[in-house]
Amino acid sequence: MTKILKLETQAANKCFGCGGDNPAGMRLVFDLDFDAQRARGRFVLGSSYAGGAGFAHGGIIAVVLDEAMGKLSKLTEEKAVTGELSIEYRKPVPVDKEIVVEGWQVQAVGRYRFRAGEIRDAAGNVLARGKARFVTIDENHFDRIRVAQ
């Protein structure tokens with residue numbers, strides 16, 4: 001039996017992509033597939049996230065891919081932040097039709113987690129691809145930064 005964990009929004013989380021406590025946020029929900037070692041989401045973005053041509057804004061596409069790749073840290077219960085993100089925009093991403101986003105890890109080297117992701121339409125056509133380097137951090141990382149500022 002496949003182990004799937006639904007990653008719902010958290011009421012106290014202010015994250016723009018996945019948080020529940022951000023009035024302007026996207027509130028993206030993902031499934032974490034432990035057997036396939038992948039994070040997946042299916043959603044319709046909505047017109048609020050459109051760019052000038054009526055398709056998804058490029059920055060929103062980056063957010064969606066970053067979220068999918070970032071969720072992979074929950075497979076190993078480690079914390080990691082985006083160190084580098086690269087997006088390949090292949091075809092317009094609709095805001096009024098369901099899209100499927102998926103993220104997976106390619107390699108782990110020291111504190112670095114190299115990950116990839118794709119956004120596809122319902123027919124499976126690749127609309128955008130992302131590559132990222134995440135950096136693992138310890139539990140107190142953000143507390144130390146807040147104190148130092």
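Structure notes:
- Under a Gaussian network description of the chain, with springs only between Cα atoms under 10 Å, the residue in G54, G110, G20 that fluctuates furthest is G110.
- Ordering of 36-43, 127-134, 62-69, 82-89 by packing [mean C-beta count within 10 Å, highest first]: 62-69, 127-134, 36-43, 82-89
- Check: segment 1-91 dipole with +1 on Lys, Arg Cβ and -1 on Asp, Glu Cβ, in debye: 240 debye
- Relative intensity, log₁₀ I(q)/I(0), of the chain from a Debye sum that treats every alpha carbon as a point, q = 0.10, 0.14, 0.21 Å⁻¹: -0.35, -0.68, -1.43
- For the chain, built as a Gaussian network whose Cα springs stay under 10 Å, the top-fluctuating residue of V81, V29, V109: V109
- Relative contact order of the chain, pairs being alpha-carbon contacts under 8 Å that are 6 or more residues apart, as %: 20 percent
- Sum of -39500 (n - 2.57) over DSSP H runs of 4+, divided by residues of the chain (222 nm, nearest 500): -4500 deg cm²/dmol
- Between Q10 and K79, the modelled labels are 0.9 nm apart [label points 7 Å from Cα along Cα→Cβ].
Just so you know, all these numbers are worked out from the coordinates, no wet-lab data involved. Note that the structure is predicted; figures quoted are calculated from it, not measured. Here the Cβ is made from the backbone with ideal geometry for all residues, glycine too, and neighbour counts use every protein chain on show.
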